[in-house]
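What follows draws every value from the coordinates through simple rules; no lab data is involved. What you are looking at is a predicted structure, and each value in this text was computed from that prediction instead of being measured. Here Cβ is always computed from backbone atoms with ideal geometry, including for glycine, and neighbour counts include all displayed protein chains.
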Amino acid sequence: MGKILAIDYGEKRIGLAVTDDMKMIAFGLTTVATAEIFEYLADYISKEKVETIVVGEPKQMDNTASESEVHIAPFLVKLAEKFPSMPIKRHDERFTSKMAFQTMIDSGLKKKQRKNKALIDEISATIILQDFLKTL
């Protein structure tokens, strides 16, 4: 059994989350600078058994692709080239940033801590992954 790795893509940073081996629980993993993501993924995948990658799919309220999809499409092509045998799935990520921010408030983080965009990206990836797990 392997893990599922989730990616919340951003032009500056990418939030990452991963499941346990039984694919029951999603955990925030880290946030990586977008320019360094493929090096990080190659290292992580070489050490951990990852069987699927889930990439957040930003959509508008009318279900059409978000403007940021223009940046994600080339990333997906390169991801598939770098990891050709890895299944890559997409999952709706609408409202994950808002949900991540609310999670930070609910967990009692101070205002200064809630401004940490890297933490928001990591929590967003975790929410994407938790939601994806419900579809399995």
Linear extension gain, Met24 paired with Glu39, 0.36 nm per residue minus alpha-carbon span
2.7 nm
Using the structure shown, select from Lys82/Lys112; Lys12/Lys89; Lys78/Lys110 the pairs with a Cα to Cα distance greater than 28 angstrom.
Lys82/Lys112; Lys78/Lys110
Evaluate E = 1/(1 + (r/R0)^6) for Lys47 and His71, where r is the Cβ-Cβ distance and R0 equals 30 Å; express this FRET efficiency to the nearest 0.05.
0.60
Where in region 56-111 are there trypsin sites (Lys or Arg not before Pro) that are in a DSSP coil and have at most 13 other Cβ atoms within 10 angstrom of their Cβ?
Lys110
Can you give the extra length, in nm with one decimal, that the chain gains between Lys59 and Met1 once fully stretched, where that is 0.36 nm per residue apart less the Cα-Cα distance?
17.8 nm
Partner aspartates and glutamates for Lys134 [C-alpha distance under 18 Å; skip if fewer than 8 residues away on the same chain]
Asp8, Asp20, Asp21, Glu51, Glu57, Asp92, Glu93
Once R0 is set to 30 Å, what does the formula 1/(1 + (r/R0)^6) return for the Cβ-Cβ distance between Lys78 and Ser107, expressed as a FRET efficiency to the nearest 0.05?
0.30
Please give me, ordered by residue number, the GluC sites (Glu not before Pro) of region 43-136 that lie in loop per DSSP and have at most 15 other Cβ atoms within 10 Å.
Glu48, Glu67
Contact order normalised by length for the chain, with contacts defined as Cα pairs under 8 Å and 6 or more residues apart; what percent is it?
34 percent
